[in-house]
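What follows is a set of notes on a single structure, which appears directly below.
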Amino acid sequence: MIAAPSLTENFSALAGGYDAVLSDVWGVLHNGVAATLPACDALTRFRSQGGTVMLITNAPRPGEVVTHFLDKVGVPRNAYDGIVSSGDVTRAVMAARPDKAVVHIGPERDLPIFDGLGLDFVTMEQADYVVCTGLRHDEVETPESYRVELGELRRRRMFMLCGNPDLVVERGEKLIYCAGALADLYRTLGGEVLYAGKPHRPIYDLALDRVAALRGGAPARQRVLAIGDSIRTDLKGATDFGIDCLFVTAGIHAEELGDRHDPNLAALNRIFADAGIAPKAVARRLAW
């Protein structure tokens, strides 16, 4: 029986057991509109005590682009040492497929992911494969809006590279569908999908490589803590990679848990039991 840990109010009670943190961004450090200042403060304090913080995000954009967005919503740069994004992993996969014609599904704001790759963007009929970074109009569309288009891609046996495996993400108080929801629908139609970000291993390998470069060597896995708010990406990814996870309840699962500020622990326990995994610790929000 998988049991949920009791709530941890203070990250400081855990911090001494770790040399490095791989922290999720959206849902932990901001909600798409404004920074979560207690979380930023907690990571800043962890760094001041010698810890290394690598942000690890399923944003389908290069890490440097994510940095500018974090500046915009008020996440201070002294809260982290670096960023690894699913966009970084996506770029690496595309770079390994040179001279291929690509069709893009996603909003215009994701176009920086393609900068400098020299890709040839074409129509579905001319493409070798498809890169999905999200819904084109995610405020009004759902995955079902794409069923016919995805069906045609499947008919053409098109390989899909998913630049953001998240299903949904918070934008203010609203949940917005992400590329992972389209990729999952495509898989149910029989399509082939490669997921670039969490919970899959490549993004964790890249993050730890960058931590090792900063620290002069890789920390032991038991000295690395993942922080996140998603069972499917953050908790599963950390568990599969062999590192501990601090699970934040006031993120995308908040509605399932009844109250963003006072989660139903029985409901939380059921979610972990259904997933067959549990984190090292649980907190309402990340705070020192």
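Can you tell me which residues in the range 144-180 are of a type outside the set (D, E, K, R) and over 19 Å from the mean Cα position of the chain (by Cα)?
Selection gives Ser145, Tyr146, Val148, Leu150, Gly151, Leu153, Met158, Phe159.
If you scan the range 242-272, which residues turn out to be at pLDDT 90 or above and of a type in the set (Gly, Ala, Ser)?
Result: Gly242, single match.
Quick check on the range 62-97: of everything there that is in contact (Cβ under 8 Å) with a residue 60 or more places away in the chain and of a type outside the set (A, V, I, L, M), which residue is most open to solvent (accessible area, probe 1.4 Å)?
Asp81
Which condition breaks for Arg187 when tested against (1) basic (Lys, Arg); (2) touching a strand residue (DSSP E or B) at 6+ places or on another chain (Cβ under 8 Å); (3) over 21 Å from Gly106 (Cβ atoms)?
(3)
Looking only at residues that are under 18 Å from the mean Cα position of the chain (by Cα) and of a type in the set (Ser, Thr, Tyr) in the range 1-54, which one is most open to solvent (accessible area, probe 1.4 Å)?
Ranking the qualifying residues of the range 1-54, first place goes to Thr36.
Going by the structure shown, is Val224 of a type in the set (Val, Ile, Thr), surrounded by 15 or more Cβ atoms within 10 Å (Cβ to Cβ), at pLDDT below 95 and farther than 20 Å from Val102 by Cβ?
Spelling it out, it is not the case that Val224 is of a type in the set (Val, Ile, Thr), surrounded by 15 or more Cβ atoms within 10 Å (Cβ to Cβ), at pLDDT below 95 and farther than 20 Å from Val102 by Cβ.
Please specify each residue of the range 198-216 satisfying the condition of being at pLDDT below 95 and open to solvent by 80 Å² or more (accessible area, probe 1.4 Å).
Hit for the range 198-216 is Arg201, nothing else.
Filter the range 131-182 down to residues that are assigned to a helix (DSSP H, G or I) and of a type in the set (Lys, Arg) and give me whichever is most open to solvent (accessible area, probe 1.4 Å).
That would be Arg155.
Mind counting the residues in the range 116-126 that are surrounded by 11 or more Cβ atoms within 10 Å (Cβ to Cβ) and out of contact with any Leu (no Cβ under 9 Å at 6 or more places or on another chain)?
Going through the range 116-126 one residue at a time, the tally reaches 6.
Does any residue in the range 141-156 that is of a type outside the set (Val, Ile, Thr) come within less than 9 Å, Cβ to Cβ, of a residue that is part of a helix (DSSP H, G or I) and modelled with pLDDT under 95 six or more places away or on a different chain, and which pairs are these?
From the range 141-156, the pairs are Glu149/Met124; Glu152/Met124; Leu153/Met124; Arg156/Met124; Arg156/Glu125.
Pull up the range 100-115, narrow it to residues that are of a type in the set (Val, Ile, Thr) and under 11 Å from Val130 (Cβ atoms), then point me to the one that is most open to solvent (accessible area, probe 1.4 Å).
Among those that are of a type in the set (Val, Ile, Thr) and under 11 Å from Val130 (Cβ atoms), it is Val103.
The values are calculated or read from the model by the stated rules, or taken from the named source; none is laboratory data. As the structure is a prediction and not an experimental result, all values here were calculated from the model. Glycine gets a Cβ as well: all are built from the backbone with ideal geometry, and neighbour counts include every protein chain shown. We work out accessible area using only protein heavy atoms, side chains counted, and drop any ligands, DNA or RNA first. Shrake-Rupley method; radii C 1.70, N 1.55, O 1.52, S 1.80 Å.
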